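The values are calculated or read from the model by the stated rules, or taken from the named source; none is laboratory data. Nothing here was measured: the structure is a model prediction, and the numbers come from that model. Ligands, DNA and RNA are excluded from the accessible area calculation, which covers all protein heavy atoms including side chains. Shrake-Rupley method; radii C 1.70, N 1.55, O 1.52, S 1.80 Å.
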Amino acid sequence: MALPDNTPSIPLGEEVIFPEVVELNVGGQVYITRYSTLISVPDSLLWEMFSRKSTKGLARDTKGRFFVDRDGFLFRYILDYMRDQQLVLPDHFPERGRLQREAEFFNLPELVKILAPKFSKQNSLGDEGCQSDPEDSSPGIDTGRNLASLGTAACASLVPSGDGKRSGFITIGYRGSYTLGRDSQTDAKFRRVARIMVCGKTLLAKEVFGETLNESRDPDRPPERYTSRYYLKFTFLEQAFDRLADAGFHMVACNSTGTCAFAHEQTDDKIWTSYTEYVFYHLSIFG
């Protein structure tokens, strides 16, 4: 279903000094949009900027684009809202509060209302609360009885330990490649590990690896959900092992697979690719 066209029309005969397509530089991010979009919300900051009769006083960058010194990443949602007065955010959006501040700056009161946190009796955090995975939900009566039958060690693994570290699994994985010559007795030529991947609960991974954890591939993952898209900023497995050992983790399993990718036509050397995983576990036991 087509969305209603809320774009204000420009009166005939009224002189417009701005081009039909306007280039913006917002905090270093370049946006290209229609002039009618920028003036679509009366009395907003952008409406005030681009409904004037002169461009004098408007900041420009070195390439002549109109410059706004605000968060360039969050401006995409401001611009989306101004196109049709609707807001669509990705799941588990972590910067709702900052976006509300941007909406206040651009003088968009309706957007501010949409972004305001909603409180309820059931959940004091409203929409800001983190939703856990279905498998993380509180165990029922039958599940509780089963855990009780397993003894104190199993129950202790569900609660934080005295040193603040939570119990759970972290899996370290990496892909590698190596060349094996015709003479199987010769040493294989290994290539450096390109990327070390981290799988596990987000909060646990952040506790262990801190600033060395690269979250760029999965930035919106809440603390109590699991991820398989994080990787480390270094490429030495020993560094990962050291951090896990310092956090009280122990390796409980490992596995590796290797496949022959192709053979060199002239030397008969075979290029092998491998994938290896190491599973670490931290058990919390009181007493």
**OP:** Return the residue satisfying two criteria in turn: it lies in segment 243-260 and is in a strand (DSSP E or B) and either open to solvent by 80 Å² or more (accessible area, probe 1.4 Å) or of a type in the set (S, T, N, Q) (or both), and of such residues it is farthest from TRP272 (Cα to Cα).
**Re:** HIS250
Subject >> Residue list for segment 54-72, filter: in a loop (DSSP other than H, G, I, E, B) and within 15 Å of PHE105 (Cα to Cα) >> reply: ASP69, ARG70, ASP71, GLY72
Original post:
Taking segment 3-50, which residues are at pLDDT 90 or above and of a type in the set (Ser, Thr, Tyr)?
Top reply: TYR31, THR33, TYR35, SER36, THR37, SER40, SER44
Original post:
In this structure, is THR267 hydroxyl-bearing (Ser, Thr, Tyr) and modelled with pLDDT under 75?
Top reply: yes
